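**Q** Below are the structure tokens for one structure; questions will follow.
The values are calculated or read from the model by the stated rules, or taken from the named source; none is laboratory data. As the structure is a computational prediction, the values presented were derived from the model and not from experiment. Methodologically, a virtual Cβ is constructed for each residue, glycine included, from the backbone with ideal geometry; neighbour enumeration extends over all protein chains shown.
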Amino acid sequence: MSKEIVEAALFLKSKPMELAELIELTQISSEEIKNFIVDLKGKYGKESGIKLVEANESYQLIVNPGVLPDVKKLAPYKDLSPGLLKALSIVAFKGPVKQNVLVNTIGNRTYEYAHELEKRGLISANRQGRTKILKTTKLFVDYFGQEPEKTNLEKFMEIKPVEE
């Protein structure tokens, strides 16, 4: 059963999992997990649509790059425009953020982007005075796999998160 747990974890995680994470999850030895990884590499070989990648004792299941062009159109939210993605990424990494601050950063199309992202359930927009407070939703977390990590983006942009 542990092998199936390792495989399912690698399938569900949207980024590579470190060996230590897999040990913590399964409560089995690193040697056993490494043996499972060898088995999974055999299962997901060149003839598979899925590929197991490994780097520095981190592992991830990805779509085989050979078939990716044929199936990428099936990915949810593939139709998000660059503007929508930019707005969503700012809200994700700096949120909650005031909509008027986002407008000052990416322009008046922010209103359109915020409306579309809210309609799709990826952000919430709650009125606060003359502006709205934008933040990601549970659907965002469920789809992208985790709460966005707050990073030091101040060197790239001048947006400060809103205190709730």
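**Q** Scan the range 86-112 for residues that are out of contact with any helix residue (DSSP H, G or I) (no Cβ under 7 Å at 6 or more places or on another chain) and either in a strand (DSSP E or B) or not assigned by TED's automatic domain parsing to the domain that holds K138 (or both) and jot them down.
**A** K98
**Q** While we're here: Please state which one of I28, I23, I33 is of a type in the set (A, V, I, L, M, F, W, C), over 19 Å from the mean Cα position of the chain (by Cα) and not in a helix (DSSP H, G or I).
**A** I28
**Q** Hey, another quick one. Could you grab me the full set of residues in the range 46-77 that are part of a loop (DSSP other than H, G, I, E, B) and either not charged (D, E, K, R) or not assigned by TED's automatic domain parsing to the domain that holds L22 (or both)?
**A** If the condition is that a residue be part of a loop (DSSP other than H, G, I, E, B) and either not charged (D, E, K, R) or not assigned by TED's automatic domain parsing to the domain that holds L22 (or both), then S48, G49, N56, N64, P65, G66, V67, A75, P76, Y77 are the ones that fit.
**Q** Within the range 121-144, does at least one residue satisfy the condition of being at negative phi, part of a helix (DSSP H, G or I), modelled with pLDDT under 90 and over 19 Å from the mean Cα position of the chain (by Cα)?
**A** Within the range 121-144, not a single residue is at negative phi, part of a helix (DSSP H, G or I), modelled with pLDDT under 90 and over 19 Å from the mean Cα position of the chain (by Cα).
**Q** Shifting gears a bit: Is it the case, given these coordinates, that S48 is more than 30 Å from R130 (Cα to Cα), under 16 Å from the mean Cα position of the chain (by Cα) and not basic (K, R)?
**A** no
**Q** Exactly one condition in (1) in contact with a strand residue (DSSP E or B) (Cβ under 8 Å, 6 or more places away or on another chain); (2) on the phi > 0 side of the Ramachandran plot is false for Y77; which is it?
**A** In the conditions (1) in contact with a strand residue (DSSP E or B) (Cβ under 8 Å, 6 or more places away or on another chain); (2) on the phi > 0 side of the Ramachandran plot, Y77 misses (1) alone.
**Q** Residue by residue through the range 80-92, note down the ones that are within 16 Å of the chain's Cα centre (by Cα) and either of a type in the set (G, A, S) or at pLDDT below 85 (or both).
**A** If the condition is that a residue be within 16 Å of the chain's Cα centre (by Cα) and either of a type in the set (G, A, S) or at pLDDT below 85 (or both), then L80, A87, S89, A92 are the ones that fit.
**Q** Taking the options E18, E4, name whichever one is among the acidic types (D, E) and either more than 22 Å from the chain's Cα centre (by Cα) or farther than 30 Å from V71 by Cα (or both).
**A** Sole residue among the options that is among the acidic types (D, E) and either more than 22 Å from the chain's Cα centre (by Cα) or farther than 30 Å from V71 by Cα (or both): E4.
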